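Report on the structure given below.
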Amino acid sequence: MKKISLYSFITLSLVMLAACSTTSNSGNTSAKENSSSATTTKKTKSASTSQEDVINELKSIFDPNGNSKDFNIKVDKDVKDEAFPNGHTVITASIKGDTAAGTKEMMAAFDNKTATEEDKQILQGFRQTIADIAQKLPDDTTTIAFSYEASPNEYRVIAHSGKTKDIIPTTVK
């Protein structure tokens, strides 16, 4: 039952994101058809997207009521890793408890190589959602990670993208 409700929540979130993206894209098409000043305006607007705007979008998708104790966003600055040896900012959206139960079960199916086509679509949806939001990041060195609590105080990242590349590919095989 929890898995079904989680899948429903995820599907609803993805549909909402797709609807927003479709609306946004149709606006972009007409902006391109209009004068170059409209295109310049679009570029200026996207360049002014702040980290706070991105965090608010993550909250609106994964915690629309703003009252979940199982959803958290953390911002880590100056994180050094293979992709960014000089350091970068990581915005991590994480779920735990009952909210993470369905995701934990789904990822166990991937680990055991028993994932269904539906599991693959859901995971790809998570990753694509994070990748789409990452396109709005204010710079090329900030990334967004999505994780779930695999065991107490231990989190597993299942989606990770930056503005210019996906650290974890969105395609699920």
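When ALA100 is tested against (1) farther than 25 Å from LYS69 by Cα; (2) open to solvent by less than 40 Å² (accessible area, probe 1.4 Å); (3) part of a helix (DSSP H, G or I), just one condition goes unmet, and that condition is (1). When the stretch 122-155 is limited to residues that are open to solvent by 70 Å² or more (accessible area, probe 1.4 Å) and in a helix (DSSP H, G or I), the one that is farthest from ILE73 (Cα to Cα) turns out to be GLN124.
Once the stretch 88-105 is narrowed to residues that are out of contact with any helix residue (DSSP H, G or I) (no Cβ under 9 Å at 6 or more places or on another chain) and either of a type in the set (A, V, I, L, M) or closer than 19 Å to SER50 by Cα (or both), the residue that is modelled with the lowest pLDDT is HIS88. Please verify whether PRO169 is open to solvent by 70 Å² or more (accessible area, probe 1.4 Å) and either out of contact with any Cys (no Cβ under 6 Å at 6 or more places or on another chain) or part of a loop (DSSP other than H, G, I, E, B) (or both), treating the condition exactly as stated. Against the criterion (open to solvent by 70 Å² or more (accessible area, probe 1.4 Å) and either out of contact with any Cys (no Cβ under 6 Å at 6 or more places or on another chain) or part of a loop (DSSP other than H, G, I, E, B) (or both)), PRO169 qualifies.
Quick check on SER68: is it of a type in the set (S, T, N, Q), in contact with a helix residue (DSSP H, G or I) (Cβ under 9 Å, 6 or more places away or on another chain), farther than 21 Å from THR171 by Cβ and in contact (Cβ under 8 Å) with a residue 24 or more places away in the chain? It is true that SER68 is of a type in the set (S, T, N, Q), in contact with a helix residue (DSSP H, G or I) (Cβ under 9 Å, 6 or more places away or on another chain), farther than 21 Å from THR171 by Cβ and in contact (Cβ under 8 Å) with a residue 24 or more places away in the chain. Whether any residue in the stretch 6-25 is touching an Asp or Glu at 6+ places or on another chain (Cβ under 9 Å), modelled with pLDDT under 90, of a type in the set (Gly, Ala, Ser) and closer than 19 Å to THR164 by Cβ is what I want to check. Within the stretch 6-25, one or more residues are touching an Asp or Glu at 6+ places or on another chain (Cβ under 9 Å), modelled with pLDDT under 90, of a type in the set (Gly, Ala, Ser) and closer than 19 Å to THR164 by Cβ. Looking across the stretch 83-96 at every residue that is of a type outside the set (A, V, I, L, M, F, W, C) and either surrounded by 18 or more Cβ atoms within 10 Å (Cβ to Cβ) or within 19 Å of the chain's Cα centre (by Cα) (or both), the one that is nearest to ILE61 (Cα to Cα) is identified as SER94.
The values are calculated or read from the model by the stated rules, or taken from the named source; none is laboratory data. Bear in mind the structure is a predicted one, so any value in this text is a computation, not a measurement. All Cβ positions, glycine included, derive from the backbone under ideal geometry; neighbour counts span all protein chains shown. Just so you know, the surface numbers come from the protein's heavy atoms only, side chains and all, with ligands and any DNA or RNA stripped out. Shrake-Rupley method; radii C 1.70, N 1.55, O 1.52, S 1.80 Å.
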